[in-house]
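Encoded as structure tokens, the structure appears first; notes follow it.
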Ligand code: FAD
């Protein structure tokens, strides 16, 4: 099923993300984690493309496995900055052949050396190519705190609008830890005429040190309440895990209470985290 059709229903959706293995040695452990997450039967699952240490070679296979074996709809990520039009066309053919209808169109990181390859500079170009290639449901990324390369938040929203006009049917946000940042962003994009559904990306933090590094790189704001949790529990992994799931659950309940119906969990190949969040929301998701 196309994800846009789920997002248009007046119903809360919960989705989970997995990333492919880095090497073939770790394929089995990723496959096992993926199966356990799929068995939770979320509204859909997304499979990243070369992000989080995973390699892009496995994205299509893992996504197709989730769909075929568990009947869970999938969103396959696809990046373009270090790719060519020919390669993108090849991946899209593979997705079509495996019955995958949903693609998250991303620029990806600029390759070392500074400039993207000639074929693609921005995700909007990829969106146009995917649209021309077949009947895919196309999503894109958005950044409530502004993309780190963007000179201003307004410029970022203008580019986002162009990406939506190119054919992006829904948006998934970068992680954020203060819901007011998302509410403010939603107000600003709606004012600019971006009306597509926005899926809120939530990162349950289970490793205090790792998150401090990621936030520094992405410019994500860490509220004092969150920092206190990391300070207190960061060196105690089981306690940090419990506190991280509780913080994320609290964020999600506030989002849903305020009308943000679509929640995507950056579950990082951790079934226990996905299951913990789903269990904490069991009555809310009914
Ligand atoms: P774009 O939409 O192209 O934007 C990138 C920058 O260019 C922004 O600053 C934007 O304002 C600017 N821009 C856009 N158009 C123009 C223009 N015409 N002129 C000037 N400036 C312009 N990375 C991976 O490698 N694999 C993944 O699977 C992956 N999944 C992700 C999922 C989500 C939900 C998110 C939020 C990010 C993900 N990323 C992934 C990271 C992403 O690739 C990076 O954040 C990347 O730096 C930007 O990608 P984008 O698609 O948002 O780019």
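The values are calculated or read from the model by the stated rules, or taken from the named source; none is laboratory data. All of these numbers come straight from a predicted model, not from anything done at the bench. Backbone-built Cβ (ideal geometry, glycine too); neighbour counts: all protein chains shown.
If you check every pair at least six apart or on different chains, which have Cβ atoms under 6 Å apart with a residue in the stretch 72-98 that is touching a residue at least 60 places away in the same chain (Cβ under 8 Å) first and a residue that is more than 16 Å from the ligand (Cβ to nearest atom) second? If the second residue must be more than 16 Å from the ligand (Cβ to nearest atom), the pairs left are 73/1.
Which members of the stretch 153-169 meet the condition of being assigned to a loop (DSSP other than H, G, I, E, B) and either buried (at least 22 other Cβ atoms within 10 Å of the Cβ) or within 9 Å of the ligand (Cβ to nearest atom) (or both)?
Hit for the stretch 153-169 is 168, nothing else.
Going by what's in this entry, would residue 91 be described as farther than 22 Å from residue 210 by Cβ, more than 13 Å from the ligand (Cβ to nearest atom) and either touching a helix residue (DSSP H, G or I) at 6+ places or on another chain (Cβ under 9 Å) or in a strand (DSSP E or B) (or both)? Taking the combined requirement at face value, the residue does not satisfy it.
Of all the helices (runs of 4 or more DSSP H) wholly in the stretch 173-286, which have at least 3 residues that are touching a strand residue (DSSP E or B) at 6+ places or on another chain (Cβ under 9 Å)? Talk me through it step by step, then tell me what you get.
Working: elements: 179-191, 208-218, 224-233, 237-257, 271-280.
Where helices (runs of 4 or more DSSP H) fall fully within the stretch 173-286 and carry at least 3 residues being touching a strand residue (DSSP E or B) at 6+ places or on another chain (Cβ under 9 Å), they are 179-191, 237-257, 271-280.
Counting residues in the stretch 108-119 that are within 13 Å of the ligand (Cβ to nearest atom), modelled with pLDDT under 95 and either within 19 Å of residue 46 (Cα to Cα) or touching a strand residue (DSSP E or B) at 6+ places or on another chain (Cβ under 6 Å) (or both) gives one or more. When residue 221 is tested against the conditions (1) farther than 30 Å from residue 134 by Cα; (2) touching a helix residue (DSSP H, G or I) at 6+ places or on another chain (Cβ under 9 Å); (3) surrounded by 16 or more Cβ atoms within 10 Å (Cβ to Cβ), the lone failure is (3).
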